Amino acid sequence: MKRRMKRVLLIAAVLFLVAASAVAVSLASPYRGFSGKEVFVDIPKGAGTSGMARMLEQQRIIRFQWQFLAVRALRPHATLQAGEYRFAGAASVWDIYKRIASGDVFYYELVIPEGNNLFDISRAVGELGFLPPEKFLAAAHDISLIRDLAPDVPSLEGFLFPSTYRITRHTSAGEICRMMTGQFRRVWAGLNGSDAQATVTLASLVEKETAVAAERPLVASVYRNRLRLGMPLQCDPTTIYAALLESRYRGKIFRSDLASENAYNTYVHAGLPPGPIANPGRSSLEAALHPADTGYLYFVAKADGSGAHTFSTTLAGHERAVKEYRRGIRKQARAAVR
């Protein structure tokens, strides 16, 4: 009797070890039934372990719900986090559990370069595939986020700070605007600036006029000098922005654009435009706050393709620089057809 009992216990022990080994292997091995395609699983708050297990099985991330529950039993103190998870390849149940316990939620990166305007940003948002551009544009016209800094601007243009933002499919257009204006506030606080509306507006002109960092204080000085003398700024990017606002920009500036009565057209209206025309980076904000001490009133691009400009204090000097630019362009055109 005792011998039979020992044999039964031995067989039970062997079967237990076999079963335990099989379970261990199933938990540690990638699921071969995974489709191989990118799969997103959006786990809501309050789903619970059973709900998570069910969702993972339904999406064929794991083979059986009990596998996830088994890992939970082995790691009962882990905090499983809600959110959207991206699975791009087969993984073991252990690895899946670890990802959810660590909150390895999938984020999209929204990259906003310096000098982008509302229309550029709305296109970038739309390209993510889950938020229509028009929703972002609508949210960007809610100035409550920056009213204390710039009460008279028509939109958040200029205050959506250029950076890289991590967002999910659940991030709303309003939340994106809040992130971007929040980043602006952090940068602005470090600059100790005053009159945010005028400073950011000037900085946006500087940002659009030159990509050469060393030139930005010089460009800012030109516009400061013109403002001081009551001269129109005659900033081409403002004319382009006016055309964009009226959905009539055709890729280059026409005479009709220069004659436009739009308030943003600084060829017709003296002083700064009603608000920024783009979203400047820190360098342009610093240039607007601390322009170079010059007598420059004019500048024109150089024809060498460097992106640099020739600055002049007199109209005669500026006209010579313009002629030099045109000669350089003609020379390049002749060389291109040879």
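For this structure, a couple of remarks:
- Check on N279, surrounded by 12 or more Cβ atoms within 10 Å (Cβ to Cβ), without any contact (Cβ under 8 Å) to a residue 24 or more places away in the chain and part of a loop (DSSP other than H, G, I, E, B): no
- Pairing each residue of the range 169-198 that is touching a residue at least 24 places away in the same chain (Cβ under 8 Å) with any residue that is loosely packed, with under 14 Cβ neighbours inside 10 Å and of a type in the set (F, W, Y), provided the two are 6+ apart or on different chains, yields C-beta distances under 7 Å for R169/F130.
- Count of the range 286-310 residues, restricted to those that are touching a Leu at 6+ places or on another chain (Cβ under 6 Å) and buried (at least 21 other Cβ atoms within 10 Å of the Cβ), is 1.
- Residues in the range 223-236 that are touching a Leu at 6+ places or on another chain (Cβ under 6 Å), in a helix (DSSP H, G or I), closer than 21 Å to A263 by Cβ and not aromatic (F, W, Y): R226 alone.
- Number of positions in the range 321-338 that are surrounded by 13 or more Cβ atoms within 10 Å (Cβ to Cβ) and either modelled with pLDDT of 90 or more or in a strand (DSSP E or B) (or both): 4
- Boolean, F184 is in contact with a Lys or Arg (Cβ under 9 Å, 6 or more places away or on another chain), crowded, with 21+ Cβ neighbours inside 10 Å and modelled with pLDDT of 95 or more: no
- Qualifying residue in the range 255-263 (condition: modelled with pLDDT of 95 or more, among the basic types (K, R) and either assigned to a helix (DSSP H, G or I) or under 25 Å from the mean Cα position of the chain (by Cα) (or both)): no
- Cβ pairs under 6 Å, 6+ apart, first in the range 311-336 and acidic (D, E), second not in a helix (DSSP H, G or I): none
- Test set (1) surrounded by 12 or more Cβ atoms within 10 Å (Cβ to Cβ); (2) modelled with pLDDT of 90 or more; (3) touching a helix residue (DSSP H, G or I) at 6+ places or on another chain (Cβ under 7 Å) - V23 fails condition number: (2)
- Any hit, the range 40-49, residues being modelled with pLDDT of 75 or more and in a helix (DSSP H, G or I): yes
- Residue match in the range 98-107 (condition: in contact (Cβ under 8 Å) with a residue 60 or more places away in the chain, of a type outside the set (V, I, T) and assigned to a helix (DSSP H, G or I)): no
- Residue-level check: of (1) within 23 Å of S155 (Cα to Cα); (2) surrounded by 16 or more Cβ atoms within 10 Å (Cβ to Cβ), E246 misses just (2).
- Any hit, the range 29-43, residues being more than 34 Å from the chain's Cα centre (by Cα) and without any contact (Cβ under 8 Å) to a residue 12 or more places away in the chain: no
- Enumeration of residues in the range 258-268 that are out of contact with any Ser or Thr (no Cβ under 9 Å at 6 or more places or on another chain) and closer than 23 Å to H141 by Cα: E261, A263
- Residue that is farthest from T168 (Cα to Cα), among those in the range 67-94 that are assigned to a helix (DSSP H, G or I) and touching a residue at least 12 places away in the same chain (Cβ under 8 Å): A70
- Per-region count, the range 132-150, residues part of a loop (DSSP other than H, G, I, E, B) and free of Cβ contacts under 8 Å to residues at least 24 places away in the same chain: 4
- The test for being in a helix (DSSP H, G or I), touching a Leu at 6+ places or on another chain (Cβ under 8 Å), of a type in the set (F, W, Y) and under 25 Å from L244 (Cβ atoms) does not hold for F159.
- Scanning the range 87-132 for residues that are among the β-branched types (V, I, T) and within 30 Å of E157 (Cβ to Cβ) yields a count of 4.
- Sole exception among (1) surrounded by fewer than 19 Cβ atoms within 10 Å (Cβ to Cβ); (2) touching a helix residue (DSSP H, G or I) at 6+ places or on another chain (Cβ under 6 Å); (3) β-branched (V, I, T) for V219, by number: (1)
- Some residue of the range 284-300 being part of a helix (DSSP H, G or I), under 29 Å from N192 (Cα atoms) and not hydrophobic (A, V, I, L, M, F, W, C): yes
The values are calculated or read from the model by the stated rules, or taken from the named source; none is laboratory data. Since the structure is predicted, the reported quantities are computational estimates derived from the model, not experimental observations. We place every Cβ from the backbone using ideal geometry, glycine too, and count neighbours over all the protein chains shown.
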